[in-house]
Amino acid sequence: MSVASLKGRDLLSMADLSAEELQELLALAAELKAGKLPLRCQDKVLGLLFSKASTRTRVSFSVAMFQLGGQVLDLNASVTQVGRGEPTVDTARVLDRYLDVLAIRTFEQQELETFAHYAQIPVINALTDLEHPCQVLADLQTIQEEFGQLSGLTLTYVGDGNNMANSLLLGCALSGMNVRIAAPVNFEPDPAIVQQAKTIAGDRSEVLVTQDPELAAKGAQVLYTDVWASMGQENEAESRMPIFQPYQVNDQLLSLADPKAIVLHCLPAHRGEEITDAVLEGPQSRVWDEAENRLHAQKALLASILGATPLS
Ligand code: CP
């Protein structure tokens, strides 16, 4: 069955989920992946309002909704009045009258929160500059598949303290995992989120932010990275290169991790920059399973938010 307490709820941040809800969602995602629990959301309509490019999020949300028996509307800003500047507060109230659920990819977290405030339907964060919770659902599913558990494991994220670092801090803390972020000075994760993760973790697990990638990688079961310049930061890509070079995930850094460690990357990857081709394509990489799990994790999320029923 779907996670009943999530019915009708928004997912704007990883911290919108309790530890129990996260655990239940991951269990549901695993069941859906195994094909054990066909669920239906017949006649429900998901809107995708994306102001940034997307392959995985757009396609996995669309396929998940089709497989649940629902429909998807692509509300690309360039073909709606959003692209011509219609106010968010107006768009939110109008889309609320047509759709059953709305997934938004945008820049400012505040814009997402405004949508959620003015639209009564559930709103899902499909990536903002602050967070990417849907990616972390798939990441945690992938880690659980590999190790059979989450609690007690250590995930080390190396690179830019961006939206991925922020959502991983929260998702790992909720799961009882130790989380270490190794980022250069001035590129640390959001300080309020670091504090929130520490509060969630309590004395159950460790939350560490350091500038030292080698210290962070030592003994970790999961080594994670993302691009050094995210969408909207393309003009900084060249100037960031020398700052981030010591934070590359390569064979040397991987050799410091647990011998059974796996490597994750949310993709798209810039081979030869934040990760070497050898590591991305190597035996410890789980990036393709991770990408596949976007489908299963988001299907579990949609089914729960929409109150899907088992196929009889
Ligand atoms: N990882 C991720 O969100 O991929 P897309 O940008 O392709 O959706």
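The values are calculated or read from the model by the stated rules, or taken from the named source; none is laboratory data. Just so it is clear, the model here is predicted, and its values are computed rather than measured. For neighbour counting, all protein chains shown are included, and Cβ atoms are generated from backbone atoms with ideal geometry for every residue, glycine included.
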With respect to R56, determine if the residue is crowded, with 17+ Cβ neighbours inside 10 Å and more than 15 Å from S304 (Cβ to Cβ). yes
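Among the listed residues K33, K52, identify the single one that is over 22 Å from L170 (Cα atoms) and in contact with a Lys or Arg (Cβ under 6 Å, 6 or more places away or on another chain). Please lay out each step first, then the result.
On the way: K33 fails: in contact with a Lys or Arg (Cβ under 6 Å, 6 or more places away or on another chain).
The match here is K52.
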Residue within segment 101-109 that is modelled with pLDDT under 95, polar (S, T, N, Q) and within 16 Å of the ligand (Cβ to nearest atom) present: no
Out of the residues in segment 21-78 meeting the condition of being within 16 Å of the ligand (Cβ to nearest atom) and charged (D, E, K, R), tell me which one is nearest to A269 (Cα to Cα). R56
Any idea how many residues of segment 1-34 are touching a residue at least 40 places away in the same chain (Cβ under 8 Å), within 21 Å of M177 (Cβ to Cβ) and of a type in the set (G, A, S)? 6
When both residues are 6+ apart or on different chains and their Cβ atoms are under 7 Å apart, which pairs have a first residue that lies in segment 52-70 and is free of Cβ contacts under 8 Å to residues at least 60 places away in the same chain and more than 22 Å from E31 (Cβ to Cβ), and a second that is within 8 Å of the ligand (Cβ to nearest atom) and aromatic (F, W, Y)? none
Output for segment 91-115, where each listed residue is over 22 Å from A64 (Cα atoms) and among the small types (G, A, S): A92
So, in segment 248-293, of the ones that are within 16 Å of the ligand (Cβ to nearest atom), within 17 Å of F147 (Cβ to Cβ) and in contact (Cβ under 8 Å) with a residue 60 or more places away in the chain, which residue ends up surrounded by the most Cβ atoms within 10 Å (Cβ to Cβ)? L264
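Take residues that are touching a Lys or Arg at 6+ places or on another chain (Cβ under 8 Å) and tell me which of the helices (runs of 4 or more DSSP H) falling wholly in segment 238-312 contain 3 or more.
Per the criteria, 287-306.
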Could you tell me whether L112 is within 16 Å of the ligand (Cβ to nearest atom), out of contact with any helix residue (DSSP H, G or I) (no Cβ under 8 Å at 6 or more places or on another chain), farther than 30 Å from G148 by Cα and modelled with pLDDT of 95 or more? yes
From D226, D160, residue being in contact with a helix residue (DSSP H, G or I) (Cβ under 6 Å, 6 or more places away or on another chain), in contact (Cβ under 8 Å) with a residue 24 or more places away in the chain and not aromatic (F, W, Y): D226
Looking at the structure I just gave you, is T154 within 21 Å of G232 (Cβ to Cβ) and among the polar types (S, T, N, Q)? no
